[in-house]
Every structure is written in structure tokens, then in C-alpha cells.
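Undergrad: This is the structure I have questions about; it appears just below.
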Amino acid sequence: MTKKKKSADKKAKKDIEKLAKEINEAVDPAIDREDSVADSEEIDLAAEVAEYKDKYLRLYSEFENYRRRTSKERLELISTANSGLMKALIPIADDFDRALKAGTEGAVEGVELIFNKFKNTLEGKGLKKMETASGDDFDEDFHEAITQIPAPDKSLAGKIIDIIEPGYFLGEIVIRFAKVVTGSKD
């Protein structure tokens, strides 16, 4: 939910609470009054209460409509969030089809060209490969240790020995941790 929508949501809730408070303030004195109060004053208060009640119901109805509308917009946004990425990947899928139909002649070159195009498309959408190398310190914020093996060298104890799968960032957020093998400290 955006800040603008949150503030509109809070404003609507405050308006509803304010109207409810005004209705209670208008009704409470009418209940506490004695019979000596003029009938015309009670009629005026009843009309005022009816007016506040009508305002309250309209505001509540508007708020419910707003809530339903924003829910629907949110669902539409979620369902189409990846459309830009999918549109960018379609030409690459077409290139793979053409490379497979071309046969073995130049297949390696064709696949390299398609891979570079694919990699550049993903980088253009904000995907960055995590730079992890053997001998780096294990960091649980970026790495996932899938197993530990005895360190071949004492200096590799608690460090990364092998990278099974690289990790990736989308912007500054880790979307896949690097799967690594670490050296045990035994």
C-alpha cells in the first residue's frame, strides 16, 4: 500500500471517528435532559442526529468502496508485476528456439550469444550476481552452507571452500543465497 493510500485510509478512519463522536455528543445531552426542555429543541436535536447519522453512513460507505477498490488494484498489480520481465524474456526464448532448430553448426556460438543477451536483460532489470570466491569468509547474510567438509588447509576453516550455486541480488536485496561448502573447524 502506498503512502498516499495509507494517509487516505487514516483520514477516512479519523472522519468516521469524528462523526461518531459528534453523534454521541448530540445524543447524550438529549437523553440527560428533563421533561422541562422544549419539544422544539428535541426535534432539532433529533434532526441533527439524523443528519449526522446520514453523514456517518455515507462516509462509511465511501470508505468501504475505497477499501474494495484499493484491494482490487493491489491484486491487479500483483498479478501483472512480472509482465515487464516476461516481455523482455520472450525474444530470448525465440532465440533459443532458432538456435535449437539450426542444429549443431555454430551451436556453441549461438548459445553464447543468447546467454549474453539473457544475462544483459536480467542485469537491465536489476539482477546482479553475487561475487563469491573460494577462501572468502562465510557470511550467513549472503551464503547458505549446504555442507561442511574437513578443511584441506587450517586457513580455510570456517571459510568457503566451494560454490555450488551463485547467489543473486535484485537491487540491494538478496533473492537467492549462494549455496556453498564450508571448511569445518575440527
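Undergrad: Taking the beta-carbon count within 10 Å as an exposure proxy, list LYS159, LYS87 from fewest neighbours to most.
TA: Lowest count first: LYS87, LYS159.
Undergrad: Let me ask something additional. Which value, in Å to one decimal place, does the Kirkwood hydrodynamic radius take for segment 127-184 when every pair of different Cα atoms is included?
TA: Computed over segment 127-184, the radius equals 11.3 Å.
Undergrad: Compute and list, largest first, the equivalent-ellipsoid semi-axes of segment 50-181 from the alpha carbon gyration tensor, each √(5λ) rounded to a whole angstrom.
TA: Largest first, segment 50-181 gives 47, 29, 10 Å.
Undergrad: Next up: Cut-off is 10 Å between beta-carbons; in what order do GLU172, GLU123 appear when sorted fewest neighbours first?
TA: GLU172, GLU123
Undergrad: Something else about it: Taking the Cβ-Cβ separation of GLU140 and LYS119 as r and a Förster radius of 30 Å, what is the calculated FRET efficiency to the nearest 0.05?
TA: Computed FRET efficiency for GLU140 and LYS119: 0.65.
Undergrad: Taking amide hydrogens as modeled 1.01 Å from N in the peptide plane, which residues meet the under 5 Å criterion relative to ASP162, leaving out close sequence neighbours?
TA: Excluding prolines and chain starts, which carry no amide H, the hits are VAL181.
Undergrad: How large is ³J(HN,Hα), in whole Hz, for each residue of segment 114-129 in order, when computed from phi with the Karplus curve 6.51 cos²θ - 1.76 cosθ + 1.60 and θ = phi - 60°, using x for Gly and Pro?
TA: Once θ is set to phi - 60°, the couplings for segment 114-129 become 5, 4, 5, 5, 4, 4, 5, 5, 5, 5, x, 8, x, 7, 10, 7 Hz.
Undergrad: When THR182, THR147 are ordered from fewest to most other Cβ atoms inside 10 Å of their Cβ, what list results?
TA: The order, fewest Cβ neighbours first, is THR147, THR182.
Undergrad: Can you tell me which lysines have their Cα less than 30 Å from the Cα of LYS11? Leave out same-chain residues fewer than eight positions away.
TA: Within the straight-line limit of under 30 Å, LYS11 reaches these lysines: LYS3, LYS21, LYS53, LYS55, LYS72.
No value in this document is a laboratory result; all are computed from the given coordinates. Because the structure is a prediction, the values reported are computed rather than measured. Glycine gets a Cβ as well: all are built from the backbone with ideal geometry, and neighbour counts include every protein chain shown.
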